[in-house]
Amino acid sequence: MNSLTKEQEAVINHPIGKHAKILAVAGSGKTSTLVYRIKYLVADQQVNPSCIQVLMFNKLARKQFYERMNEADIPPSLQPKVDTFHSFAYSFVQNLMASGKLSGNWDFWIDDREEKARITLKRVISSLERAHVITVGSVDSDEAFQAIQLWKGSLIPPSRAGYKGNKYMPRIYDAYERERRNLHALTYDDFIPIIVAHLERSQELLQQYAGNLKHLIVDEYQDVNYGQQRLIELLAGNQADVMVVGDDDQTIYEWRGARPNYIIREFESVFNNKPIIKYTLSRSFRFGAVIAQCAYNSILFNTNRVQKSLVSQNINKPSNIFLFEQSPNQSSDTNKTLTDQVLTLVKNKGVHPSQIIVLCRMFAQLSGIESEFINRKIPYRVMGQKPFFERNEIKVLLGYVRLSICYRDSVTESIKTEFLNIANTPNRMLARRDLEQLMNAALLQKITLAQALKNFVESPASSLNMQQRERVLELMGALESANKRLTLYPEETTDVLLSQLISSIDYFSHFDSYYGKGEASFERKESILNFIEYAKEIGLPPSKFLTHVAKLDTTRGAPIDQQIVMTTVFRTKGLEYDYVIIPNCIEGYMPCLYGTDNRVFDELGKIREPDPSEAIENERRLFYVALTRAKEAVYIGTGTKRENSPSPKPSRFIDEIQYEPTIKIMTALQQAANGQDDAKLNLLSLINQFGGMKSLSQNLLSYYLVELGDQSLIGRAASVVSSSREIPFSYRFAYSSPQENNYSQAQSSLHTAWDEIEF
């Protein structure tokens, strides 16, 4: 207990008979706090552990919680049940089946069998297309899958399902649900709607699961969706003390139904049957004062949040943020500089690659640094997406290049496969069955792709209508034009052909019409533009470039722990790394201001959820989470200028962290803490200069100077701050709505994998 802060001890000793809302900043030791809360209940208050239920969000957090309970010497016999929402729901559904309340033999599409749900959905969409219920190629299966998850998370059945932007989505939801039930299958998304429905109509079940419950503890409360919130309410009833822990500043999953307003204000109105005590865990054990203050400076720009400080528990803990900004007059690429930093960390400072993470808001943001890693032979892997050269939109584009090369060659099985993969991108509303028949006939007749398409258009027996004929003629024109260019300019670099093909097939318009003019379309177009830049840098003609791409291996055969991980911020909340790299931190990528509007809704208005946040506030939280993953340092780069495009604007968030004054004051603070000569005078001078920055001065006076224990320094600093005029904040650039761009053994093996890499 001696290592716990006063804030943590207050939570641990929270009085029985009252609800608690705990706002815990990043790295504030909330797991330890909750574990000692459990120990207080079962050891000091003699609460039966069977009367306690802990709900968490992922398996890793659950595993760590059990480990911490063991470390805290809580005997297994006194440890309460700790579940993820998924494991709790799975157990509940199994009990329903065992008791006959959910009849039949159900097939669980969960964990490694989850893909069956996606396969079934794709089959349903194809069936609806063949039946002319929906237009061919009008629905993205991933978008439909996410919509179904959101409807179920909001407890909205197909009969009440509404969707903004695509009239076919509710029909797909209805058809998918019919097929799923026909197959007697259940996914994780089905569990909570089933549980809530049973608890709402069965007092017997409610008594069984909640009747004995005296303490309900919910971690990561800022991430609950409507269905999970309703489950918490039912389990709590009028009896249980509810303790929720979370951080509204880390609500980054609104796209899957989470709402910060549950923890910001609705907790008090929903759980109003008992007094509520609010707590804050404001001290982070993860990082030092520089990262803490910069992150705090930024998140203060959000208006829909609970005010709370973020400070480092240890003044002397080293941490830093390094900015690499491209001057408008320079051609330097900050991705190269960031790559240099990674090499320095691993090869010169002995940092293990597993302690370095490259974070982005969207995967297109990674393309530049990925190409640098490839050029410098640095092993890496992209978690959650394929490498930039294997993304679907790139594979389609390269398919066009291959078909352009072999346009006048006899059709082979590989040409057939390539053609079927690209024929309906952009959407030409061509039936897959007709395309397969066309290619099979060409194989039998041993004719060229050019001749096969000509016959397809001109044959009186063709199944094409007028509009489809025009689309096929456009395809023929694009391939023929590209084929001629390859003949005339065989050594021309691939980027030129790629640009021509994009224009010929109007590729960018395809993304706008398919995904709408939002984030999904923007990211795919950015991915393509970045790929063209890569092709230009490589400087190979098409045939050689295709061979080059086919041989690319981002991992270079290195063991998985020696590969640098690149991924989005969404996949790292709750995790921590020594070093965080944020490349291409520019407007358009971070923030990406296309809104967080929830497209699904209840047509009858029975389910009313809190509104999503404004886009910029959601984006700022993502940046905040990215910064606060780091223990030692954050490296931020602002990318590079594309040829024939305006220079990218650095992200507004870089201005908002108020880098220079924060670095100066926090460095002087640490020097004063270490007793360096004249450090306190220097600190007072800086406070005099920047005392009008309220976020800095508030944390200095309330936390850091108090820790130093120099009353004279506190008094003098307070006097300076009180007499300082507030410094008005201004951005260096004008920002507006999104605009489209022109388009040991381990150490020994580490050395083996990295020794050949040169600076």
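Read-outs: derived from the displayed coordinates by stated rules, not from any lab. Because the structure is predicted, anything quoted here is derived from the model rather than measured. Backbone-built Cβ (ideal geometry, glycine too); neighbour counts: all protein chains shown.
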* In nanometres, what is the gap between the two model label sites at Val133 and Thr547, each 7 Å from Cα along Cα-to-Cβ? -> 5.0 nm
* To do: For the pairs Lys377/Lys551; Lys454/Lys544; Lys122/Lys167, note any where the Cα-Cα span goes beyond 25 Å.
  => Lys454/Lys544
* Top positive-direction residue, dipole computed over segment 584-730 with Cβ charges, set Met693, Ser645, Ala672 -> Ala672
* May I ask you to list the lysines whose Cα is less than 17 Å away from that of Lys680, ignoring any residue fewer than eight positions away on the same chain? => Lys664
* To do: Just add up the charged neighbours of Glu413: K/R +1, D/E -1, any other residue whose Cβ is under 14 Å from the Cβ of Glu413.
  => 0
* Mind checking which aspartates and glutamates have their C-alpha under 20 Å from Lys63, skipping anything on the same chain fewer than 8 residues away? -> Glu71, Asp73, Asp83, Asp111, Asp112, Asp219, Glu220, Asp223, Glu576
* Theoretical ellipticity at 222 nm over the chain - DSSP helices of four or more residues, -39500 (n - 2.57) apiece, nearest 500 -> -14000 deg cm²/dmol
* Hey, got the Cα dimensions of segment 526-624 along the principal axes, in Å, largest first? -> 58, 35, 25
* Structure fact -> Given the candidates Met56, Leu498, Asn212, the one whose Cα lies deepest towards the positive end of the charge dipole of the chain, counting +1 at each Lys or Arg C-beta and -1 at each Asp or Glu C-beta, is Asn212
* Whole number please: convex hull volume per residue, Cα atoms of segment 206-315, in Å³. => 117 Å³
* Asked: How big is the charge dipole of segment 447-497 about its Cα centre, in debye rounded to the nearest 20, if each Lys and Arg gets +1 on its Cβ and each Asp and Glu gets -1 on its Cβ?
  -> 220 debye
* Could you please state, rounded to a whole Å, how far the C-alpha centre of segment 507-534 is from the C-alpha centre of segment 394-429? => 20 Å
* Which whole-Hz couplings ³J(HN,Hα) result when phi for each residue of segment 648-655 is put into the Karplus expression 6.51 cos²θ - 1.76 cosθ + 1.60, θ = phi - 60°, listed in order with x for Gly and Pro? -> x, 7, x, 4, 4, 5, 5, 5
* To do: Using only C-alpha positions, report the orientation-averaged shadow area of the convex hull of segment 94-231, nm², one decimal.
  => 9.9 nm²
* To do: Hey, can you grab everything whose amide H is under 5 Å from the amide H of Ser312? Only 5+ residues off in sequence or another chain; H modelled, so Pro and N-termini drop out.
  => Ser284
* Simple label model, 7 Å out from Cα along Cβ direction - Asp107 to Arg265, nm -> 4.7 nm
* Place +1 on the Cβ of every Lys and Arg and -1 on the Cβ of every Asp and Glu in the chain, take the dipole about the Cα centre, and give the residue among Asn320, Ala98, Val342 whose Cα lies farthest towards its positive end. => Ala98
* Structure fact -> Over all viewing directions the Cα convex hull of the chain casts an average projected area in nm² of 37.6 nm²
* Asked: So how strong a dipole does the chain carry about its Cα centre when Lys and Arg Cβ are +1 and Asp and Glu Cβ are -1, to the nearest 20 debye?
  -> 860 debye
* To do: Would you mind calculating the gained length between Asn440 and Asp677 on full extension (0.36 nm times residue separation, minus the Cα-Cα distance), in nm to one decimal?
  => 76.9 nm
* Under unit Cβ charges (Lys, Arg +1; Asp, Glu -1), what dipole magnitude, rounded to 20 debye, does segment 137-220 have relative to its Cα centre? -> 360 debye
* Asked: In segment 472-593, how does Rg compare with the Kirkwood Rh, expressed as the Rg/Rh ratio over alpha carbon atoms?
  -> 1.05
* Structure fact -> HN-Hα couplings for segment 598-609 via Karplus (6.51, -1.76, 1.60; θ = phi - 60°), in whole Hz with x for Gly/Pro, come out as 7, 6, 8, 7, 8, 4, 9, x, 6, 9, 10, 9
* Run down the lysines and flag those whose C-alpha is under 24 Å from the C-alpha of Lys649, throwing out any fewer than 8 positions away in its chain. => Lys336, Lys517, Lys525, Lys536, Lys641
* Residue by residue through segment 539-547, which ³J(HN,Hα) values in whole Hz follow from phi under the Karplus form 6.51 cos²θ - 1.76 cosθ + 1.60 (θ = phi - 60°), with glycine and proline marked x? -> x, 9, x, x, 4, 5, 5, 4, 5
* Work out how far the C-alpha atoms of segment 19-170 reach from end to end along every principal axis, then list the three figures in whole Å, largest first. => 67, 41, 29
